[in-house]
Amino acid sequence: MKKILLTGGNGFIGRNIKESYLAQKYTMVAPSRLELDCSDDESVSDYFRNNTFDVVIHSAVKPSHRNATDTDNIFLINSRMMFNLLKHQNSWGKLINMGSGAIYDMQNYVPKMQEAYFGTHIPKDEHGYNKYILGKLLSSLTNVYDFRIFGIFGKYEDYAIRFISNAICKSLFGLPITLRQNKKFDYLYINDLMPILEHFIDNNPIEKAFNITPDSSVELLKIAELVKTISKKDIEIKVAQDGFGLEYSGDNSLLRKEMPNLQFTAIENSVIELYDWYLANKNNFNKDLLITDK
């Protein structure tokens, strides 16, 4: 069994990876921050002094989203995490980085951006700029894969701000579903990430950067209407601003070429699955976090 180091195991993506079938197929190690602080040089050096891995899945990140409690030093901390891991390349075989479509610059998105669009614009926001700098670095390495993830959703995401979970939770508590503005998104169901990770763990693709997106984009308003239908409630849907915002979508031709038989869960089925999970765990969620949009 291959030995996998998973960073960020307590985050949204990492927690889902730990609970997936990958944890049975591979020997997966997901240290806590006390055991491995990727932003701390000594902590990383001490950890790799006694541990080696076939693959690192790097999902640890200091968040910069609108619900983050601390957004200071985003670039410094997230870049140090990567450089500290790269410093110990002799202790692992390959690294899979959980990157972002923000690498293409959020102010200049075009529909179905291809990987080659990278570098056309330099992101002005700190989060995107951090991804941009790391993308430039990773493109020169032979044993690192950069996953450019656009919208991704599933259990354990921040339901106070993440649209699909937010819409589901609002419907469960009888609150209106709210949108700032309708737009098209590429939404990857978290469960569909697992076979992609499995492929990259077991294979060595020639390309190093991949848009990790489904085949089709979906409108936020369509998702809101889907949630309303699933809930079987007369929930109001409020859209604050008319028109369409910039589409956030990526071309997945490279991924499709690498994995021609990859199957994506239909958005209707994935939202139903997620709705059922929230319904079963409704008592664990705080209605007060849904009343005011952030």
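The values are calculated or read from the model by the stated rules, or taken from the named source; none is laboratory data. Keep in mind that this is a model prediction, so the values were computed, not measured. Backbone-built Cβ (ideal geometry, glycine too); neighbour counts: all protein chains shown.
Okay, here's what the table says:
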quantity	calculated
Condition check for L175: in a loop (DSSP other than H, G, I, E, B), at negative phi and modelled with pLDDT of 95 or more	yes
Selection count where residues are assigned to a loop (DSSP other than H, G, I, E, B), within 14 Å of K183 (Cα to Cα) and touching a Lys or Arg at 6+ places or on another chain (Cβ under 9 Å), scope segment 201-233	1
Residue in segment 60-79 that is in contact (Cβ under 8 Å) with a residue 24 or more places away in the chain, among the aliphatic types (A, V, I, L, M) and closer than 20 Å to I212 by Cβ present	yes
Segment 113-125, residues that are assigned to a loop (DSSP other than H, G, I, E, B) and surrounded by fewer than 18 Cβ atoms within 10 Å (Cβ to Cβ)	Q114, G119, T120, H121, I122, K124, D125
Cross-chain or 6+ apart pairs with Cβ under 6 Å, segment 18-38 first and of a type in the set (D, E, K, R), then not in a helix (DSSP H, G or I)	K18/G9; K18/A30
Looking only at segment 269-294, and only at residues there that are polar (S, T, N, Q) and assigned to a loop (DSSP other than H, G, I, E, B), the one that is nearest to E198 (Cα to Cα)	N281
Candidates I152, I164 - the one that is under 26 Å from R15 (Cα atoms), part of a helix (DSSP H, G or I) and not polar (S, T, N, Q)	I164
Complete set of residues in segment 196-255 that are within 20 Å of the chain's Cα centre (by Cα), polar (S, T, N, Q) and more than 30 Å from T292 (Cβ to Cβ)	N211, T213, S216, N252, S253
Selection count where residues are closer than 22 Å to N204 by Cβ, in a helix (DSSP H, G or I) and among the hydrophobic types (A, V, I, L, M, F, W, C), scope segment 126-142	3
Selected residue (criterion: nearest to R180 (Cα to Cα)) from residues of segment 234-268 that are assigned to a loop (DSSP other than H, G, I, E, B) and in contact with a helix residue (DSSP H, G or I) (Cβ under 6 Å, 6 or more places away or on another chain)	I235
Set R162, R148: member being free of Cβ contacts under 8 Å to residues at least 40 places away in the same chain and surrounded by 16 or more Cβ atoms within 10 Å (Cβ to Cβ)	R162
Options K257, K287; residue that is exposed (fewer than 14 other Cβ atoms within 10 Å of the Cβ) and either free of Cβ contacts under 8 Å to residues at least 12 places away in the same chain or touching an Asp or Glu at 6+ places or on another chain (Cβ under 7 Å) (or both)	K257
Residue that is of a type in the set (S, T, Y) and in contact with a His (Cβ under 8 Å, 6 or more places away or on another chain), where the choices are S59, S45, S32, S79	S45
Residue count, segment 100-136 (criterion: touching a Ser or Thr at 6+ places or on another chain (Cβ under 9 Å), without any contact (Cβ under 8 Å) to a residue 60 or more places away in the chain and of a type in the set (A, V, I, L, M, F, W, C))	2
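Results for (1) over 28 Å from S20 (Cα atoms); (2) surrounded by fewer than 16 Cβ atoms within 10 Å (Cβ to Cβ); (3) among the charged types (D, E, K, R), shown as yes or no for each residue.
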residue: N182; (1), (2), (3): yes, no, no
residue: D186; (1), (2), (3): no, no, yes
residue: I230; (1), (2), (3): no, no, no
residue: I267; (1), (2), (3): no, no, no
residue: Y275; (1), (2), (3): no, no, no
residue: L279; (1), (2), (3): no, yes, no
